[in-house]
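The values are calculated or read from the model by the stated rules, or taken from the named source; none is laboratory data. Nothing here was measured: the structure is a model prediction, and the numbers come from that model. Neighbour counts run over all protein chains shown; Cβ positions are idealised from the backbone, glycine included. Ligands, DNA and RNA are stripped out before the accessible areas are found, and what is left, the full protein with its side chains, is counted by its heavy atoms. Shrake-Rupley method; radii C 1.70, N 1.55, O 1.52, S 1.80 Å.
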Amino acid sequence: MLAPVGEPQPTEPQAVPKRRFRWVRAAADRVPTKWVAGIGTGVFLAVTAAFGGLETVEAVSLPELTAGEEHRNDQLAVTVKRAVLIDELPEAGVTVEPGERVLALIVDAENLWDEPLPTTPGYSLSSTVALADDPEAEPEGISRYDDTTENPWLQPGVLATIVLAWVVPADRHAAGDELRVVLNDETLFTGTAVISGQYWDNPVPAAIMALDIEDVGAGRDVAEPDPGAGE
């Protein structure tokens with residue numbers, strides 16, 4: 001319908017990036033979306049950084065966890081064990097270019113829900129574990145550590161060790177640097193309009209932790225520290 005003469009004519013909406021289309025389903029159902037929540041998380045962390053970075057965490061009283069300490073909610077039990085830098089990690093499904101390296105988190109995850117959960121970017125584990133300095137950066141590679149299965153499904157009640165990997169500039173991190181990781185909780189929704197069934201969405205920061213980054217160079221074994229290191 002045309003607007004009355006003298007009033008601005010409606011314009012066509014701008015194109016939405018393809019990766020955002022998956023959230024249209026939830027928007028149509030009038031529920032909070034992961035996209036909106038992700039922006040909220042980013043704004044939350046950006047605002048806190050503007051007022052002193054780490055001090056913001058204390059201001060909002062998010063629980064502080066340590067490496068190897070479990071975070072548990074209704075969806076997942078998650079234990080972030082290590083943060084490592086490695087030259088390349090094709091086993092996790094990532095490809096690096098010159099001047100890039102891989103930042104990987106080694107995570108134990110158990111599905112506490114009664115249905116299998118995907119680990120593809122944007123769902124379950126990859127939405128639960130986020131980098132504090134770039135909370136909207138989804139892992140570029142997700143795989144099981146034991147058999148390198150990419151984007152594995154988490155079966156109910158089965159513990160799995162997962163590698164979450166991001167490609168980063170080679171000079172961004174170094175051994176001994178502190179890496180801040182945010183752990184989110186999601187809400188279980190029941191679809192009523194566009195989709196049916198139940199799904200987890202709307203990640204909200206629930207805890208934060210700091211890990212010392214290990215540089216394993218070109219090493220392949222990123223799951224367990226080398227017992228002979230330092231000898």
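Figures for the structure shown
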read-out	value
Amide hydrogen neighbours beyond the local backbone of Arg82, cut-off 5 Å, H modeled	Ile106
Length gained when the stretch Asp134-Ala170 is fully extended (0.36 nm per residue, less Cα-Cα span)	11.3 nm
Karplus 3J(HN,Hα) series, Hz, for segment 201-214 with 6.51 cos²θ - 1.76 cosθ + 1.60 (x for Gly, Pro)	7, 6, x, 10, x, 10, 7, 9, 8, 10, 10, 7, 6, 9
Amide H contacts of Thr149 (H built 1.01 Å from N, under 5 Å, at least 5 apart or other chain)	Arg144
Formal net charge of residues neighbouring Gln155 (Cβ-Cβ distance under 13 Å; K, R +1; D, E -1)	-2
Protein accessible area in segment 95-192, 1.4 Å probe - carbon and sulfur %	47
For segment 146-156, Karplus couplings with θ = phi - 60° (6.51, -1.76, 1.60), whole Hz, Gly/Pro x	6, 10, 6, 4, 7, 6, x, 8, 8, 7, x
